[in-house]
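J.: Pasting in a structure now, in structure tokens, and then I'll have a few things to ask.
What follows draws every value from the coordinates through simple rules; no lab data is involved. Computed from a predicted structure; not experimentally measured. Heads up, the Cβs are rebuilt from the backbone with ideal geometry, glycines too, and the neighbour counts pull from every protein chain shown.
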Amino acid sequence: MQARDPQQDGGGAEARSSGAGAEPGGTSAWRRRTMITFGLLRAGATSVLLVVLYYLLPLDRDSVSHLTLILILGLAGFAATAYWEVRSIIRSRLPGIRAIHALATLVPFFLLLFASTYFVLSYQAPATFSEPLTRSDALYFTITTFATVGFGDVVPRSEAVRLLVSGQILLDLVILGLGIRVIIGAVKKGRTTEA
């Protein structure tokens, strides 16, 4: 049995791993690198776009009752987006890169949804937190809560907001535990489907 020469194979092993046809001269490797670079740039651009939208949307016009509906719809939208992203990872030619894009979409979406909620609550009732929150303060509070570091410099004062923050903490644990596990499972399934 004779070993295959990679040059004669036309980069077959690489082409099979990237899903591209065998092309002479390493074109499939270049295409793979290009797809990876584009995927990472797209992930970064998605995160930046979500943050820019957070700072530009007219959140100071929402009422607290309207905010409740937006939060519920936002969480439903988050769940639908997570489902769609997992399906996209499984079907992707590069599931690892697709998973990075999914995380770059889902994590900021989740954090900015709660930051928006806290900002509007603080805007409507400044005594809701230990200090009135700017958009940056609300984002900071949301991230420290998500990361479970909670420095204690911003504290919810009302019982309703404490329950809301508790709900965010529980969802944080679900995302960090179950969500990451589902995404890793989707990457593994996508890689086995590809092979």
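J.: May I ask you to sort 32, 98 by Cβ crowding, counting other Cβ atoms within 10 Å and putting the fewest first?
T.: Going from least to most buried by this count: 32, 98.
J.: What whole-number distance in Å separates the alpha-carbon centres of the stretch 149-174 and the stretch 28-54?
T.: Between the Cα centres of the stretch 149-174 and the stretch 28-54 lies a distance of 32 Å.
J.: Taking only Cα atoms and a 10 Å spring cutoff, compute GNM fluctuations for the chain and point out the largest among 116, 47, 63.
T.: Result for the chain, Cα springs under 10 Å: 63 fluctuates most.
J.: Something else: Hey, can you rank 160-167, 107-114 by average C-beta count inside 10 Å, highest first?
T.: Ranking, from highest mean packing down: 107-114, 160-167.
J.: Moving on. Can you compute the charge dipole magnitude of the chain about its Cα centre, using +1 on each Lys and Arg Cβ and -1 on each Asp and Glu Cβ, nothing else charged? Give it in debye, rounded to the nearest 20.
T.: Here the chain has a charge dipole of around 740 debye.
J.: Let me ask something additional. Amide H of residue 129 versus every other amide H placed in the peptide plane: which residues, excluding those fewer than 5 positions away on the same chain, fall under 5 Å?
T.: 157
J.: Rounding to the nearest 10 and keeping the result within 0 to 90°, find how far the Cα-based axis of helix 159-174 lies from the longest principal axis of the chain.
T.: The two axes meet at around 10 degrees.
J.: Just need the relative contact order of the chain here, percent rounded to a whole number, with Cα pairs under 8 Å and 6+ apart.
T.: Relative contact order comes out at 23 percent.
J.: In the set [x] 15.3, 44; [y] 21.9, 79; [z] 16.7, 48, which value of Rg and Dmax of the Cα atoms in Å was calculated from the structure you see?
T.: Given [x] 15.3, 44; [y] 21.9, 79; [z] 16.7, 48, the calculated one carries the label [y].
J.: Another question about this same structure. Sort out for me the Cα centre separation of the stretch 102-128 from the stretch 76-99, rounded to whole Å.
T.: Measuring centre to centre over Cα atoms gives 23 Å.
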